[in-house]
Every structure is written in C-alpha cells, then in structure tokens.
1. Provide the per residue accessible area, probe 1.4 Å, for the chain, rounded to a whole number of square angstrom.
2. Would you mind calculating the gained length between residue 81 and residue 46 on full extension (0.36 nm times residue separation, minus the Cα-Cα distance), in nm to one decimal?
3. Using a 10 Å Cβ count of at most 16 others and DSSP loop calls, identify the longest part of the chain lacking such trypsin sites (Lys or Arg not before Pro).
4. Can you tell me the orientation of helix 200-218 relative to the chain, as the angle in degrees between its alpha-carbon axis and the longest Cα principal axis, to the nearest 10?
5. For the chain, what does -39500 (n - 2.57) per DSSP helix run (n ≥ 4), summed and divided by total residues, give at 222 nm, in deg cm²/dmol to the nearest 500?
6. Just check the stretch 135-226 against the gyration tensor rule for me: Cα atoms, a ≥ b ≥ c as the square roots of the eigenvalues, rounded for a/c under 1.5, and otherwise prolate or oblate depending on whether a/b exceeds b/c.
7. Calculate, for residue 216 and residue 2, the FRET efficiency according to 1/(1 + (r/R0)^6) with r their C-beta to C-beta distance and R0 30 Å; round to the nearest 0.05.
8. Mind checking the full-extension length gain between residue 206 and residue 171? Use 0.36 nm per residue of separation minus the Cα-Cα distance, one decimal, nm.
Amino acid sequence: MRVDILTCQPALLESPFAHSIVKRAQDKGLAEIRVHNLRDYAINKHGQLDDYVFGGGAGMVLRVEPIAAWIDELRAQRPYDAIIYLTPDGETLRQPLANRLSLLGNIILLCGHYKGVDQRIREEYVTHEISVGDYVLSGGELAAAILVDAVVRLLPGVLGNEESALSDSFQDGLLAPPVYTRPAEWRGRAVPEILLSGNTPRIEEWRHEQALAHTQAKRPDLLGQG
C-alpha cells in the first residue's frame, strides 16, 4: 500500500510513522508513506495557503490551488483508489471501514486545517470523507495518523501473528475479552483456571462469553441495545 498525505503541518506526522508497527510495515516494504507539504505549492512567496471565508465569519479556509496542484501531480504519477478528506462531518472510522480500506493499493489523505478546505476540492477530488470521532481537532494530521495506523496494521505480513488482528476488538462486533500473562497469581489474583487448562475449544467458548459480557457492560450499543 502507498499512502500520500497532504498537509500544511508535515512535522506533526514525523513521529507517528517512525516507530512501532507502522515503521515495521515500511521497513518490510509492505507500506510506503509519503508526507507532502502543501506549502510547496503556496500561492505566494510568503507561503500562503489560506484565505478569508466568503460571506464573512470567523476563521480561514485552505485555498483550492495548492491542494489541486499536489493531487494533480500525484495522480499524474499513478492511479489512486481513494482520495480521503479527514473531516469531522465524514463517515466515522470504525473497524469495518478500516478493513475495507486495507484492501486498497494507493490512497491520498488530505488533512484539513483552520476551517477546513474549500468545498470545491471536496466536490472535484474527494472520494471518501472520514471522521475519527465527534470532536474537533486543530487539523487533520492526528486523524490521518490514526487512520494510517488502523489500516496498515491489517496488511498481510505486518503483524507477527496473522491471527492477531482478527481477535482485536470490533472485528466480530464485540469488544475483546480480558487477557492475562505470567505470573499465574499476583497479589492474590489468579488467572482463570480455564486459561491454564489447555482445553482450546473450552477456552474459545470462555473467551466468547467474556467478550459478550464485556460488550454488554461497556458498549451495549454494539449489540443494538444502546
């Protein structure tokens, strides 16, 4: 997978992609992540990217020219399966959406800033609009980092154990069950005996029961009860 990210704050994305699973995916050649500075196509020598809102009102809006120039340049080099705008009014990022995006080859992520981007960019280029939650961030960079992490970890070969992602929360519509490791007893708290039994079918049954109870208690909306 190749991910091209368009932003006016590229420094914000240096650390998230330089560590852990996303870095491993890049080192293995399973993902290529490129961050592009919108100021490379600024409209003047002062690096201007934004302008006042037509009709009046507070805040600034990212202009069309720098964004269009970058997208046109990238699309001239390769086809893209999706051009995604990170925005609070987009589709909420959930695991099924991350699963679908992980099947794509080349994607562009557009990070908004200030009051967002000129609506004509959304109409001309954007194929998907995605939100990471019902709150407002200073820009789309952190949202882009979340999206990349959620998607890249699903690519075949990225995780050490291919089954690990399949047992994550939300993959089957439930929260993950409790997990334990050594020591078997700590401060009087013992690991449930079933997990030490070696009875795989019974362990899986216990895990499903626990996942269901966990979801019922913390996220009943996932069961259609919220």
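1. Counting only protein heavy atoms, the per-residue value for the chain is 58 Å².
2. 9.2 nm is the gain from fully extending residue 81 to residue 46.
3. That gives 116-186 as the longest site-free run.
4. In the chain, helix 200-218 runs at an angle near 50 degrees to the longest axis.
5. Estimated from H runs of four or more residues: -9000 deg cm²/dmol.
6. prolate
7. Calculated value: 0.15.
8. Taking 0.36 nm per residue and subtracting the Cα distance, the gain is 10.8 nm.
The values are calculated or read from the model by the stated rules, or taken from the named source; none is laboratory data. These numbers were taken from a predicted model, which means no experiment stands behind them. Using ideal geometry, Cβ is built from the backbone for each residue, glycine included, and neighbour counts are taken over all protein chains shown. Just so you know, the surface numbers come from the protein's heavy atoms only, side chains and all, with ligands and any DNA or RNA stripped out. Shrake-Rupley method; radii C 1.70, N 1.55, O 1.52, S 1.80 Å.
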